[in-house]
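Participant: Please find one structure pasted underneath; my questions will follow.
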Amino acid sequence: MTTKDVVALLAGAVILAALAGKGTGAGEAAAGHAAAASPLGNAGGTLPGLAPVTGRADRAAARALVHDLRVRGRGPSTGYARTRYGDNWADTATGVPYARNGCRTRDDLLARDGQDLVYREGSPCVVVAMRLTDPYTGRTIDWRKSHADDVQVDHVVPLAYAWRMGSARWPMSKRLDFANDPLNLLPVDGAANEQKDASGPASWLPPQRRIRCAYVTRFAQVALKYDMPVTRADKSAMLTQCR
């Protein structure tokens, strides 16, 4: 069995566990909010946060995932636009957790990772306040929707990066899933997300060093799930973080 097969099996198991006995919305699942999960035990992306990858065996498992990544040169950005992945946070994907549950993707992710959630009156979906422990900086952010950009939902593998690595040739349905897949999404400090922009791991890593192996593991999980290559420099940087 290849590493990619293991990733797929783990993803299915995590999704089933997350959905068993629960409603379809992320907000319902957040009622018993757990601590941040290691990416190695969260291959479906339905568990909250991003816990550090520690210990020799876990770091070796992370390196094994990275080793399986294909490499190629970065292509042009010709034709890229955010709309190539569908409307921003629209609940229209079909092949990922939380798909078509009636809530916008951003709210699903805030509900997954936030604590002390406050919803808009009369809405089961719209999060208007919460507390977030940001995995990228380690900060605790008391967030209010009136200052929405203080927390942004990051695409771990940026959409523009994926476009240059081959998603321009994907069918629209695959791009829509990629953009709304909780495995590829993390609510984080807005300033850190803006600094990252569309960078790969060779150009940008989270400021909090202890989370870097977990971050590149998540990056690798997404790339493997969507059979997307990375640049040789990015793969080398990813391996370095999990030594």
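The values are calculated or read from the model by the stated rules, or taken from the named source; none is laboratory data. Since we're looking at a predicted model, the values are computed, not measured. Backbone-built Cβ (ideal geometry, glycine too); neighbour counts: all protein chains shown. Accessible surface is based on the protein model in full, side chains and every heavy atom, while ligands, DNA and RNA are left aside. Shrake-Rupley method; radii C 1.70, N 1.55, O 1.52, S 1.80 Å.
Participant: Here are the criteria: (1) in contact with a His (Cβ under 8 Å, 6 or more places away or on another chain); (2) open to solvent by 10 Å² or more (accessible area, probe 1.4 Å); (3) not hydrophobic (A, V, I, L, M, F, W, C). Tell me which single one residue 184 does not satisfy.
Facilitator: If we test residue 184 against (1) in contact with a His (Cβ under 8 Å, 6 or more places away or on another chain); (2) open to solvent by 10 Å² or more (accessible area, probe 1.4 Å); (3) not hydrophobic (A, V, I, L, M, F, W, C), just (2) comes out false.
Participant: What strands (runs of 3 or more DSSP E) lie completely within segment 116-210 and have 1 or more residues being closer than 30 Å to residue 94 by Cβ and of a type in the set (S, T, N, Q)?
Facilitator: Those strands (runs of 3 or more DSSP E) span 151-155.
Participant: Taking only segment 117-152 into account, find how many residues are under 23 Å from residue 37 (Cα atoms), among the hydrophobic types (A, V, I, L, M, F, W, C), free of Cβ contacts under 8 Å to residues at least 40 places away in the same chain and open to solvent by 30 Å² or more (accessible area, probe 1.4 Å).
Facilitator: So the count comes out to 1.
Participant: List the helices (runs of 4 or more DSSP H) that sit entirely inside segment 1-85 and contain at least 1 residues that are modelled with pLDDT of 95 or more and surrounded by 12 or more Cβ atoms within 10 Å (Cβ to Cβ).
Facilitator: 56-67
Participant: Being touching a residue at least 60 places away in the same chain (Cβ under 8 Å), touching a helix residue (DSSP H, G or I) at 6+ places or on another chain (Cβ under 9 Å), closer than 22 Å to residue 59 by Cα and not basic (Lys, Arg) narrows it down to one residue among 237, 202, 220; which is it?
Facilitator: Checking each option against the conditions leaves just 220.
Participant: Related question: Among (1) farther than 17 Å from residue 42 by Cα; (2) open to solvent by less than 10 Å² (accessible area, probe 1.4 Å); (3) of a type in the set (Asp, Glu), which single condition is residue 227 missing?
Facilitator: (2)
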